[in-house]
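Data first, discussion second: the structure below is written as structure tokens.
The values are calculated or read from the model by the stated rules, or taken from the named source; none is laboratory data. As the structure is a prediction and not an experimental result, all values here were calculated from the model. Neighbour counts run over all protein chains shown; Cβ positions are idealised from the backbone, glycine included.
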Amino acid sequence: MSSQAHAEHQRLIEHILKLSEDIFRLITPIVPSEWLSSDITVAQLRVLLLLYTEGSSRMSTLAAHLDIALSTATGIMDNLVNKGLVERGASPDDRRVVLCRLTAQGQDLVSHVWDMGRTQVDHLLRGLTPRQLQQAAAVAESLLASAQQSASSGRPPKPANT
């Protein structure tokens, strides 16, 4: 990619990121009233989201993903266990290994967060024309392919040739 093409590529990325920020600012957050009085911290929510997306995990894996000390992860996990959102259990492969996983209550809580985001995207998509929906679907498919490439290689994807 030439330096001019690279500069244009970067400019478009920055433009898309700015548009994304503008969209997120305009979307009215749907926050259930019970959440406003909830005692779940941001750190605890991060653990819940990680367990939701990654599934059962060892404490050391959670700490590494969240870039926190193992003792910090253990404290967060203790609080989530006490709230009934997470449980610890032996690995079916090696009973010496302790895995952390969401309880049904924890799963319901995070599913609710996911569903709220899905509802907001659904609302935005319903305001598009059929042609715009086709374009949005093509972009979403491209983003998914890029995310899959990144996930399988463990590295950010290389820019596509133009």
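Checking R46, R25, R11 one by one, the residue that is assigned to a helix (DSSP H, G or I), surrounded by 15 or more Cβ atoms within 10 Å (Cβ to Cβ), on the phi < 0 side of the Ramachandran plot and among the basic types (K, R) is R46 and no other.
Residues checked against (1) over 23 Å from V81 (Cβ atoms); (2) touching an Asp or Glu at 6+ places or on another chain (Cβ under 8 Å); (3) at pLDDT below 90; (4) not aromatic (F, W, Y):
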position: M1; (1), (2), (3), (4): yes, no, yes, yes
position: E8; (1), (2), (3), (4): yes, no, no, yes
position: K18; (1), (2), (3), (4): yes, no, no, yes
position: V31; (1), (2), (3), (4): yes, no, yes, yes
position: I40; (1), (2), (3), (4): no, no, yes, yes
position: R58; (1), (2), (3), (4): no, no, no, yes
position: H65; (1), (2), (3), (4): no, yes, no, yes
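Would you confirm, using the coordinates I've provided, whether M116 is touching a residue at least 60 places away in the same chain (Cβ under 8 Å) and either surrounded by 11 or more Cβ atoms within 10 Å (Cβ to Cβ) or closer than 23 Å to S20 by Cβ (or both)? Yes: the conditions hold for M116.
Among the conditions (1) surrounded by 11 or more Cβ atoms within 10 Å (Cβ to Cβ); (2) over 21 Å from F24 (Cα atoms), the only one that D93 does not satisfy is (1). Taking the conditions exactly as written (more than 30 Å from L124 (Cα to Cα) and either modelled with pLDDT of 90 or more or not in a helix (DSSP H, G or I) (or both)), does G84 satisfy them or not? So G84 fits the description; yes. Restricting A147, A104, A151 to residues that are of a type in the set (A, V, I, L, M), under 20 Å from the mean Cα position of the chain (by Cα) and modelled with pLDDT of 95 or more narrows the list to A104. Residue count for region 96-150, restricted to those that are more than 25 Å from L26 (Cβ to Cβ) and not in a helix (DSSP H, G or I): 8.
Which residue out of G106, G84 is at positive phi and not hydroxyl-bearing (S, T, Y)?
G84
Based on what the data block shows, is S60 free of Cβ contacts under 8 Å to residues at least 24 places away in the same chain, part of a helix (DSSP H, G or I) and in contact with a helix residue (DSSP H, G or I) (Cβ under 7 Å, 6 or more places away or on another chain)? Criteria met by S60.
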